Amino acid sequence: SNVRPSVPAAWLAAAAGAPTGMAVLDRDGRVVLANEAMGGVLGRTPASLAGIDLASLMLGNDREPWVTDLRKAVVGRRTLHDRERRFFRPDGLVLWCSLSLAPMELDEDRRPDAPAVVLTAFDITGRKCLEEAFERGQQELRDLIETRTQELQAANLRLSLADRMAAVGTLGAGLGHD
């Protein structure tokens, strides 16, 4: 592609065999170039990712924070790490990714489709599923504790009333005996 020469050769070499999903994005978040691992994460070929607005592959409510992050990286020249976003895959799966963005050094190349940001992506779907299961387990435990606490309070109240009734009975028997 005509953009490829402006992507640094060092990035091309590093990304080619990297096990991490890596892509170069333009200023608007469109994929300029992606490695095989990025294609694997998103369930697409690297070539099919070229030109795609990455936000279009994200779950709706993850898009706005993504655009904000992209602006910080492109305009503010800030490196951002561990941005968790959800993506749709063509096979219908929704997966979680941890994204990091780093601004590229831009020469005089100011075309809108010029490389601007390096993106790395890790599939964290398994971890997010475990976190959700852990949270559900914690909620079940909190609910069980609440139920048991209420049951114990009711049992203590019944015992307290039974003790009072026994004391009244003992007092009545004592008075009746006298």
Problem - Residues that are open to solvent by 20 Å² or more (accessible area, probe 1.4 Å) and in a helix (DSSP H, G or I), drawn from the stretch 47-63 - result: Ala47, Ser48, Ser56, Gly60, Asn61, Arg63
Problem - Residue that is farthest from Met104 (Cα to Cα) [pool: residues in the stretch 136-150 that are of a type outside the set (A, V, I, L, M) and open to solvent by 90 Å² or more (accessible area, probe 1.4 Å)] - result: Gln150
Practice task
Please tell me if Leu59 is in contact (Cβ under 8 Å) with a residue 24 or more places away in the chain and closer than 14 Å to Val117 by Cα.
Solution key: no
Practice task
Determine which member of the set Asp82, Asp69 is free of Cβ contacts under 8 Å to residues at least 24 places away in the same chain and under 16 Å from the mean Cα position of the chain (by Cα).
Solution key: Asp82
Handout entry: Selected residue (only one of Leu106, Leu101 is open to solvent by less than 80 Å² (accessible area, probe 1.4 Å) and either at pLDDT below 85 or over 30 Å from Arg30 (Cβ atoms) (or both))
Key = Leu106
Fill in the blank from the handout: Only unsatisfied item for Arg44, checking (1) closer than 15 Å to Val118 by Cα; (2) over 18 Å from the mean Cα position of the chain (by Cα); (3) crowded, with 16+ Cβ neighbours inside 10 Å, is (1)
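Take the stretch 64-82 and flag every residue that is open to solvent by 60 Å² or more (accessible area, probe 1.4 Å) and assigned to a strand (DSSP E or B).
First, pick out the residues of the stretch 64-82 that are open to solvent by 60 Å² or more (accessible area, probe 1.4 Å): 64, 67-68, 71-72, 75, 77-79, 81-82.
Passing the criteria: His81, Asp82.
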Fill in the blank from the handout: In the set Arg85, Arg164, Arg158, the lone residue that is surrounded by 16 or more Cβ atoms within 10 Å (Cβ to Cβ) and among the basic types (Lys, Arg) is Arg85
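The values are calculated or read from the model by the stated rules, or taken from the named source; none is laboratory data. All figures in this text were calculated on a predicted structure; none of them were measured in a lab. Every residue, glycine as well, gets a Cβ built from its backbone with ideal geometry; the counts of neighbours run over all protein chains shown. Protein only, heavy atoms only, side chains kept; ligands, DNA and RNA dropped before computing areas. Shrake-Rupley method; radii C 1.70, N 1.55, O 1.52, S 1.80 Å.
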